Amino acid sequence: MHIVVCIKQVPDSAQIRVHPVTNTIMRQGVPTIINPYDLFALEEAFKVRDCHGGTITVLTMGPPMAEQAMRKALTYGADRAILLTDRHFAGSDTLATSFAIAQAIAKIGDSFGAPDIVFTGKQTIDGDTAQVGPGIAKRLNLQQLTYITKIASIDRHAREITVERRSEGGTQMLKSKFPCLITMLEGVNSIRRGSLDDALRAARSPILKWSAADAGIEELASCGLRGSPTVVKRVFAPTARAQKAMQIDTTDKAVGDVADEVVASIFTNQPALEGELSSNGSA
């Protein structure tokens, strides 16, 4: 089997700061990490390879410094790493990003064999859109399996996969044909510790760096800022609320009494709410 895992190098969200004048994210001096959601996808790919064999190609799009994330993925045990980097990709939104990555995956198929499964994380911690994975699937005409919690079975001969998907109403069991794209939910596994051999191989293995031309991308107008209809107007930190949270003493009180006190407190602080609920009830 050939598995492609899409990852992204992102700023450590615990240390992100917002510029007080420009209202943009200050990335200088902020350490970068592999998007945590992508690690669940990477580990699931390893588990599939453990059971069914094959190779894992890790793909990312980003600046040259994203090579750090590629080497980290090789340390975990990936077989091949490709960094899609070009000034034409600067400023890409999710539409332009999915276009470039889809083109790169098609090129990977031509160069190393068509992938059976493409894994992505549910979303990234810097964008939180959850749009790139489904966008890739749409562009490559792949079966799309989102919010997956478990791969129940794989039938290589029938080229079928059965997965568990978390939904608002519970859990769904889905069966799909290959090739497919899977977005993994968080908390479904834990990334393994790479072996010493993997660490040594990662240190000396070359990272394939593809430009737009190398990836076979001819429609440069669909990349970067030119291909991005989404514009971020402003990034800002929410203003801290001056009002402190109200605490209700529950010592030696019955549950019903506490509930009545909570409701009374809500109506006291939001008097219009009581009138709205009463009018809706009357209607």
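The values are calculated or read from the model by the stated rules, or taken from the named source; none is laboratory data. This one's a predicted model, so the numbers in the text were calculated from it and none came from an experiment. Every residue, glycine as well, gets a Cβ built from its backbone with ideal geometry; the counts of neighbours run over all protein chains shown. Ligands, DNA and RNA are stripped out before the accessible areas are found, and what is left, the full protein with its side chains, is counted by its heavy atoms. Shrake-Rupley method; radii C 1.70, N 1.55, O 1.52, S 1.80 Å.
Centroid-to-centroid, using Cα positions, the range 159-218 and the range 28-107 are 9 Å apart.
Apolar share of the accessible surface for the chain: 52 percent from carbon plus sulfur atoms, 1.4 Å probe. Taking the longest Cα principal axis of the chain as reference, the axis of helix 271-282 is set at about 90 degrees. Computed about the Cα centre, the dipole magnitude for the range 190-252 is approximately 240 debye when only Lys and Arg (+1) and Asp and Glu (-1) carry charge, each at its Cβ. How far is helix 67-76 tilted, in degrees, relative to the longest principal axis of the Cα atoms in the chain, given as a value from 0 to 90 rounded to the nearest 10? The angle comes out near 90 degrees. Summarising the amide proton neighbourhood of Arg17: residues at separation of 5 or more, or on other chains, whose placed amide H is nearer than 5 Å comprise Met26.
Starting from 0.36 nm per residue, how many nanometres of slack lie between Ala254 and Ala242 once their C-alpha separation is accounted for?
Working: separation 12, 0.36 × 12 = 4.32 nm, distance 3.13 nm.
Here the segment from Ala254 to Ala242 would lengthen by 1.2 nm.
Entry for the chain at q = 0.07 Å⁻¹: log10 I(q)/I(0) = -0.36, Debye formula applied to identical alpha-carbon scatterers, no solvent contribution.
Here the average projected area of the convex hull drawn through the C-alpha atoms of the range 127-240 stands at 13.1 nm². In the chain, with Lys and Arg counted as +1 and Asp and Glu as -1 at Cβ, which of these residues, Ser228, Gly135, Ile101, has the Cα nearest the positive end of the dipole, that is, farthest along it? Positive-end residue among those listed: Ile101.
For the chain, the mean residue ellipticity at 222 nm estimated from helices alone is -10000 deg cm²/dmol, where every DSSP H run of n ≥ 4 contributes -39500 (n - 2.57) and the total is divided by all residues, rounded to the nearest 500.
Show Ile82, Ile16 ordered by accessible area, largest first, where the area counts protein heavy atoms only and the probe is 1.4 Å.
On the way: Ile82 0, Ile16 55 Å².
Of Ile82, Ile16, the descending order of accessible area is Ile16, Ile82.
Among the listed pairs Lys150/Lys177; Lys8/Lys175; Lys72/Lys175; Lys107/Lys209; Lys47/Lys175; Lys8/Lys107, which have their C-alpha atoms separated by more than 22 angstrom in this model? Please list the in-between numbers first.
Working: Lys150/Lys177 16 Å; Lys8/Lys175 28 Å; Lys72/Lys175 32 Å; Lys107/Lys209 13 Å; Lys47/Lys175 19 Å; Lys8/Lys107 19 Å.
Among Lys150/Lys177; Lys8/Lys175; Lys72/Lys175; Lys107/Lys209; Lys47/Lys175; Lys8/Lys107, the Cα-Cα distance tops 22 Å for Lys8/Lys175; Lys72/Lys175.
What does the charge count around Thr124 come to, taking other residues whose C-beta lies under 13 Å from its C-beta (Lys +1, Arg +1, Asp -1, Glu -1)?
Details: positive: Lys8, Lys122; negative: Asp12, Asp38, Asp93, Asp126, Asp128, Glu186.
For residues surrounding Thr124, the net value is -4.
The largest accessible area among Thr57, Thr230 belongs to the first residue in Thr230, Thr57, and the rest follow in falling order (1.4 Å probe, all chains). Of the residues His2, His157, the one with the largest accessible area comes first in the ranking His157, His2, computed with a 1.4 Å probe on protein heavy atoms.
Considering only beta bridges that DSSP places wholly inside the chain, some 45 percent are antiparallel.
Modelled spin labels at Thr129 and Ala272, positioned 7 Å past Cα toward Cβ, are 3.4 nm from each other.
For Lys8, the amide hydrogen comes within under 5 Å of the amide hydrogens of Asn35, counting only partners 5 or more places away or on other chains and with H modelled in the peptide plane.
By the compact-protein rule of thumb, 2.2 N^0.38 Å, the alpha-carbon radius of gyration of the range 189-271 corresponds to a ratio of 2.44. If you take the square roots of the eigenvalues of the alpha-carbon gyration tensor of the range 241-282 and sort them as a ≥ b ≥ c, do you get rounded (a/c under 1.5), prolate (a/b over b/c) or oblate? Here the range 241-282 falls in the oblate category. The Rg/Rh ratio of the range 77-190, with both radii computed over alpha carbons and Rh defined as the Kirkwood radius, is 0.97. Put simply, the amide H of Leu181, placed in the peptide plane, has neighbours under 5 Å in Val118, Gln143, Gln144, Leu145, leaving out anything fewer than 5 places away on its chain. Between helix 94-112 and the chain there is an angle of about 30 degrees, using the helix long axis and the longest principal axis of the Cα atoms.
Computed about the Cα centre, the dipole magnitude for the chain is approximately 1020 debye when only Lys and Arg (+1) and Asp and Glu (-1) carry charge, each at its Cβ.
With the contact rule set at Cα under 8 Å and sequence spacing of 6 or more, what percent relative contact order holds for the chain?
Numbers: 501 pairs, mean separation 64.3, N = 283.
Relative contact order here is 23 percent.
What fraction, in whole percent, of alpha-carbon pairs in the range 1-97 exceed 17 Å separation? The partial results should precede the final answer.
On the way: 2620 of 4656 pairs.
When every Cα pair of the range 1-97 is considered, 56 percent fall beyond 17 Å.
The simple spin-label model puts a point 7 Å past each Cα toward its Cβ; for Ala213 and Arg193 those points are separated by 4.6 nm.
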